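Engineer: The structure is given below, and queries will be raised subsequently.
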Amino acid sequence: MTEQHGAAPRRENDQVRPKQPLLVLIGPTAVGKTALSLTLAKQWNAEIISGDSMQVYRGMDIGTAKLPLADREGIPHHLIDICDPEEPYSAADFQAGAREAINAISARGKLPFIVGGTGLYIESLCYDYQFADNGSDELFRAEQEAFATAHGAEALHAKLSEVDPEAARRLHPNDLRRVIRALEVFHLTGQTFSDQQAGQKKESPFELCIIGLSMDRAVLYRRIEQRIDEMLEQGLEDEVKRLLARELSPHAVPMQALGYKEIADYLNGNCSYEAAVERLKRDTRRFAKRQLSWFRHMKDIHWFDAGENFHNNLRSIHAIIAGKFQDHLEYHSNQSFLDGGNVQ
């Protein structure tokens, strides 16, 4: 058979490789992701990959709302307890670890399922961000750390607001490592971190199905405050004491995390217990607002209200997943809801 002029010969094995299915559940802290993730994982024969930047650290359990092993209902969870508090862990590290987990889960015939609230981590994975090697300036970093120590994290965050307001809006002032890195990128390249992120491609290497949970702001804030009260009852103060005993740098990531920095300030005599708790609740409310703002800028999300009548949305969520992964229904372990049965 004669080939057409100008056309590349087609080999029999030339086929478009299908994208790996990837289920993703996002939303602000305390919105109810954990409970729903267990329901969906059981329904869809999935293994969960944590998309939380702090749950990677061993010994940080209460303050990160880490689901105890006994409560995971036999569902494998990945990227939890993989680092000591002294070790750095970045979005690029998460991206590489999550890809490895996705490949392994897919090879087992299971559905990879990302669950979490760290916007940069999840977005960088879903859309295959390329992390530029902009180099580093250790002296500059040390100067910014010294500035934060002398003037406070809010003052350093204000410096970022001047040069990169978009990054400042997305980053919590207590997230010193990322605030300093955003300042360092601008210092080294003259380009803002936000501009670099905006230049990323927005096509996913995965067959994505992203479910987003939101909630009335007042209700969410009450849930946040209730969760913090429960963390304190469960022993958050003792958990922070154990971290302090490790003599971590005050600029180490764990000591800047929500719940740890505030209680550490109290334990170090910098404020009263009541002031620390009030600041923790305030900063967590602000963090939830930033999470929602980040996710609202992402595409391809199916949003659901996780309020009182959320059970009415479960059938719709299952139907969306089924429609997205209709060519991969082997993942589904119980199809009763599609056949008119009860929704789990």
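Engineer: Can you pull out the residues in the stretch 77-96 that are surrounded by 15 or more Cβ atoms within 10 Å (Cβ to Cβ) and either part of a loop (DSSP other than H, G, I, E, B) or among the charged types (D, E, K, R) (or both)?
Structural biologist: LEU79, ILE80, ASP81, ILE82, PRO85, TYR89, SER90, ASP93
This table checks each residue for (1) surrounded by 14 or more Cβ atoms within 10 Å (Cβ to Cβ); (2) closer than 25 Å to ALA257 by Cα; (3) within 18 Å of the chain's Cα centre (by Cα); (4) polar (S, T, N, Q).
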{"site": "LYS110", "(1), (2), (3), (4)": "yes, no, no, no"}
{"site": "ALA153", "(1), (2), (3), (4)": "yes, yes, no, no"}
{"site": "LEU156", "(1), (2), (3), (4)": "yes, yes, no, no"}
{"site": "ASP164", "(1), (2), (3), (4)": "yes, yes, no, no"}
{"site": "ALA168", "(1), (2), (3), (4)": "yes, yes, yes, no"}
{"site": "PRO173", "(1), (2), (3), (4)": "yes, yes, yes, no"}
{"site": "THR189", "(1), (2), (3), (4)": "yes, no, no, yes"}
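Engineer: Within the stretch 191-200, can one find any residue that is over 18 Å from the mean Cα position of the chain (by Cα), assigned to a loop (DSSP other than H, G, I, E, B) and of a type in the set (Ser, Thr, Tyr)?
Structural biologist: The answer is yes, given that some residue of the stretch 191-200 is over 18 Å from the mean Cα position of the chain (by Cα), assigned to a loop (DSSP other than H, G, I, E, B) and of a type in the set (Ser, Thr, Tyr).
Engineer: Where the second residue is part of a helix (DSSP H, G or I) and among the β-branched types (Val, Ile, Thr) and the first is in contact (Cβ under 8 Å) with a residue 60 or more places away in the chain and lies in the stretch 72-94, which pairs have Cβ atoms under 9 Å and are six or more apart or on separate chains?
Structural biologist: PRO85/VAL253; PRO88/VAL253; TYR89/VAL253
Engineer: Looking at ARG223, ARG242, ARG315, can you tell me which residue is assigned by TED's automatic domain parsing to the domain that holds PHE113, in contact (Cβ under 8 Å) with a residue 24 or more places away in the chain, assigned to a helix (DSSP H, G or I) and farther than 15 Å from ALA30 by Cβ?
Structural biologist: It is ARG315.
Engineer: Oh, and also: Go through ASP216, ASP137 for me and flag whichever is at pLDDT 85 or above, more than 17 Å from the chain's Cα centre (by Cα) and surrounded by fewer than 16 Cβ atoms within 10 Å (Cβ to Cβ).
Structural biologist: ASP216
Engineer: For the stretch 274-312, what are the residues that are free of Cβ contacts under 8 Å to residues at least 24 places away in the same chain and hydrophobic (A, V, I, L, M, F, W, C)?
Structural biologist: Once the filter is applied, which keeps residues that are free of Cβ contacts under 8 Å to residues at least 24 places away in the same chain and hydrophobic (A, V, I, L, M, F, W, C), the stretch 274-312 yields ALA275, ALA276.
Engineer: With respect to GLU247, is the statement that it is outside the structural domain of ALA148 (by TED's automatic domain parsing), at positive phi and exposed (fewer than 13 other Cβ atoms within 10 Å of the Cβ) true?
Structural biologist: Here the answer is yes, as GLU247 does meet what is asked.
Engineer: On to the next question. Kindly indicate whether any position in the stretch 39-53 is more than 23 Å from ALA96 (Cβ to Cβ), β-branched (Val, Ile, Thr) and part of a helix (DSSP H, G or I).
Structural biologist: yes
Engineer: Consider ILE210 carefully, then state whether it is assigned to a helix (DSSP H, G or I), in contact (Cβ under 8 Å) with a residue 24 or more places away in the chain, over 13 Å from TYR260 (Cβ atoms) and within 19 Å of the chain's Cα centre (by Cα).
Structural biologist: no
Engineer: Wholly within the stretch 97-166, which helices (runs of 4 or more DSSP H) include no fewer than the required count, namely at least 2 residues that are in contact (Cβ under 8 Å) with a residue 60 or more places away in the chain and among the aliphatic types (A, V, I, L, M)?
Structural biologist: 119-126
Engineer: Let me ask another. Checking the conditions here, which among ALA288, ALA306, ALA276, ALA319 is of a type in the set (Gly, Ala, Ser), modelled with pLDDT of 90 or more and within 17 Å of LEU208 (Cβ to Cβ)?
Structural biologist: On inspection, the qualifying residue turns out to be ALA319.
Engineer: Just checking, does the stretch 77-92 include any residue being in the same structural domain as CYS209 (by TED's automatic domain parsing), touching a Pro at 6+ places or on another chain (Cβ under 7 Å) and modelled with pLDDT of 95 or more?
Structural biologist: no
Engineer: Which of the residues spanning the stretch 174-193 are in contact with an Asp or Glu (Cβ under 9 Å, 6 or more places away or on another chain) and not aliphatic (A, V, I, L, M)?
Structural biologist: Passing the criteria: ASN174, GLU184, PHE186, HIS187, THR192, PHE193.
Engineer: Could you list, in sequence order, the residues of the stretch 232-251 that are under 27 Å from VAL179 (Cα atoms) and of a type in the set (A, V, I, L, M, F, W, C)?
Structural biologist: Answer for the stretch 232-251, where residues must be under 27 Å from VAL179 (Cα atoms) and of a type in the set (A, V, I, L, M, F, W, C): LEU236, VAL240, LEU243, LEU244, ALA245, LEU248.
Engineer: A further question follows. Quick one: is MET298 modelled with pLDDT of 95 or more and within 18 Å of SER53 (Cβ to Cβ)?
Structural biologist: no
The values are calculated or read from the model by the stated rules, or taken from the named source; none is laboratory data. As the structure is a prediction and not an experimental result, all values here were calculated from the model. Because the Cβ atoms are built from the backbone with ideal geometry, glycine has one as well, and the counts that use them run over all protein chains shown.
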